[in-house]
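Down below is the structure, laid out as structure tokens.
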Amino acid sequence: MPIPKALTIAGSDSGGGAGIQADLKTFQELGVYGMSAITAVTAQNTLGVQGVYPMSTEAIERQLASIGEDLTPDALKTGMLFSGEIIRMVAASITKFAWERVVVDPVMIAKGGASLLQQEAIDTMVGVLLPLATVVTPNIPEAEALSGMRITDTASRQQAAKRIHQYGCKHVMIKGGHDEADIDHAKDLLYDGETFIEFTSRRLVTRHTHGTGCTFAAVITSGLAQGLSIGDAVQLAKRFIHAAIAEPLHIGGGHGPTNHWAYGHRLRERDERLNGGGDREQEYVVRREFEIDTLFGNIHVQTRGDL
Ligand SMILES: Nc1ncnc2c1ncn2[C@@H]1O[C@H](COP(=O)(O)OP(=O)(O)O)[C@@H](O)[C@H]1O
Ligand SMILES: Cc1ncc(COP(=O)(O)O)c(N)n1
């Protein structure tokens with residue numbers, strides 16, 4: 001079987017926790033060959049963003065053309081795009097090469113508050129990029145900016161998903177990491193134009209969440225590149241990010257990166273438990289399966305009616 005290939009079109013994070021670096025680490029962990037087109041270089045660490053240096057549109061266009069003329073990604077994701085001009089150029093390249101399985105992570109503001117997308121570029125994103133998206137993955141503030149409405153509860157989150165879906169993307173995934181009202185759960189909402197599906201995990205108490213959104217979208221991209229359905233790719237992403245947040249690396253003095261190795265560690269731990277099991281009695285098998293589920297965060301998936 002050919003090796004699945006994924007492309008990230010995003011900014012570089014010198015600190016290695018978010019952006020291009022998070023995406024490539026994630027692709028690699030999941031057995032997907034990673035390619036990149038860099039839209040901007042950020043000087044960044046766990047304490048914040050110290051500088052933003054966008055690339056020329058010519059340099060970005062050339063990177064995409066080099067990829068398109070030789071390598072066809074099985075799926076791609078966009079991250080930090082910075083300006084309307086870059087968004088237009090990226091959308092034109094996606095169309096030109098007829099690339100499919102497009103994950104748009106509408107990165108706007110870094111966790112420390114630095115702007116990674118010019119305000120006037122939001123309309124361009126809505127007009128030219130979202131119609132090309134297989135799935136768009138805003139966090140709550142990004143979903144508010146895209147939909148033009150406040151999100152305060154499940155009903156308003158569903159309403160915002162409906163509005164964003166009308167821009168022409170196939171699926172909308174509104175992530176719940178910023179939902180501070182829900183102190184127990186991290187709940188993400190997927191909408192395909194008809195059905196709402198909630199993916200819920202336990203909320204982990206930590207400040208080491210730098211790069212969660214990039215990593216989450218990169219897992220979805222990897223899953224789509226490997227031929228998973230969107231629902232299965234999101235389920236994989238939820239498990240991967242839960243493990244990555246649960247085992248922080250404690251790197252840097254501020255908001256540290258997530259652990260891109262953690263999911264792989266847990267898979268190996270599961271395999272050891274299963275292989276080491278021998279012919280145990282049924283009750284042990286049941287208990288072991290429960291433990292295995294616990295390893296991956298007990299993600300609860302629920303289809304929810306329209307509120
Ligand atoms: N404290 C947490 N515990 C468990 N999962 C979390 C936590 N914070 C974020 N997540 C999950 O990480 C993913 C990224 O979410 P979010 O933080 O909303 O995105 P972003 O990084 O774009 O702001 C989502 O699946 C979300 O549910
Ligand atoms: C280059 C770059 N791209 C994206 C983010 C957002 O990070 P997060 O995933 O934590 O929202 C970032 N901080 N830097």
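Tabulated values for the structure
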{"quantity": "Net dipole in debye of the chain [+1 Lys, Arg Cβ; -1 Asp, Glu Cβ; about Cα centre; nearest 20]", "calculated": "180"}
{"quantity": "Highest-fluctuation residue, S12, S115, S36 considered, GNM on the chain with Cα pairs under 10 Å", "calculated": "S115"}
{"quantity": "Residue-by-residue Karplus 3J(HN,Hα) for the range 207-216, coefficients 6.51, -1.76, 1.60, Hz, glycine and proline x", "calculated": "9, 8, 10, 5, x, 4, x, 4, 5, 4"}
{"quantity": "Exposed-loop-free span, longest in the chain, where trypsin sites (Lys or Arg not before Pro) count as exposed if DSSP calls them loop and at most 14 other C-beta atoms lie within 10 Å", "calculated": "1-149"}
{"quantity": "Where GluC sites (Glu not before Pro) fall in DSSP loop in the range 13-88, at most 10 other Cβ within 10 Å", "calculated": "E69"}
{"quantity": "Under Karplus coefficients 6.51, -1.76 and 1.60, residue-wise ³J(HN,Hα) of the range 73-81 in Hz, glycine/proline x", "calculated": "x, 6, 7, 9, 10, 10, x, 5, 10"}
{"quantity": "Potential lengthening between T57 and R273 on full extension [0.36 nm per residue; Cα-Cα distance subtracted]", "calculated": "72.7 nm"}
{"quantity": "The chain - Kirkwood radius from inverse mean 1/r over Cα pairs (Å)", "calculated": "19.6"}
{"quantity": "Rounded FRET efficiency, nearest 0.05, which uses the C-beta distance separating L47 from D192 and R0 of 30 Å", "calculated": "0.15"}
{"quantity": "Centroid-to-centroid separation of the range 117-155 and the range 1-61 [C-alpha atoms, Å]", "calculated": "21"}
{"quantity": "Under-5 Å amide H pairs with I9, H placed in peptide plane, nonlocal only", "calculated": "A37, K77, T78, G79"}
{"quantity": "Extended-chain gain in nm, criterion 0.36 nm per residue less alpha-carbon gap, T152 and T206", "calculated": "17.2 nm"}
{"quantity": "Long-range Cα-Cα pairs in the range 85-141 (distance over 20 Å), rounded percent", "calculated": "24"}
{"quantity": "Calculated log₁₀ intensity ratio I(q)/I(0) where the Debye formula runs over C-alpha points of the range 29-188, q = 0.13, 0.14, 0.15 Å⁻¹", "calculated": "-0.65, -0.76, -0.87"}
{"quantity": "Among T137, T154, T42: highest mean-square fluctuation, GNM of the chain, C-alpha pairs under 10 Å", "calculated": "T154"}
{"quantity": "With every protein chain in place, the chain: carbon and sulfur % of accessible area (1.4 Å)", "calculated": "51"}
{"quantity": "Antiparallel %, DSSP beta bridges [both residues in the chain], to 5", "calculated": "50"}
{"quantity": "Under-5 Å amide H pairs with G15, H placed in peptide plane, nonlocal only", "calculated": "Q44"}
{"quantity": "Two-site FRET efficiency, E100 against I183, from Cβ-Cβ distance with R₀ of 35 Å, rounded to 0.05", "calculated": "0.35"}
{"quantity": "Restricting the range 177-263 to GluC sites (Glu not before Pro) in coil, as DSSP defines it, with at most 12 other Cβ within 10 Å", "calculated": "E180, E194"}
{"quantity": "Using a Förster distance of 22 Å, the FRET efficiency for V301-D123 (Cβ separation, nearest 0.05)", "calculated": "0.05"}
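The values are calculated or read from the model by the stated rules, or taken from the named source; none is laboratory data. Keep in mind it's a predicted model, so treat the numbers as computed, not measured. Every residue, glycine among them, receives a Cβ derived from its backbone with ideal geometry; neighbour counts consider all protein chains shown. All accessible areas refer to the heavy atoms of the entire protein, side chains included, with ligands and DNA or RNA removed. Shrake-Rupley method; radii C 1.70, N 1.55, O 1.52, S 1.80 Å.
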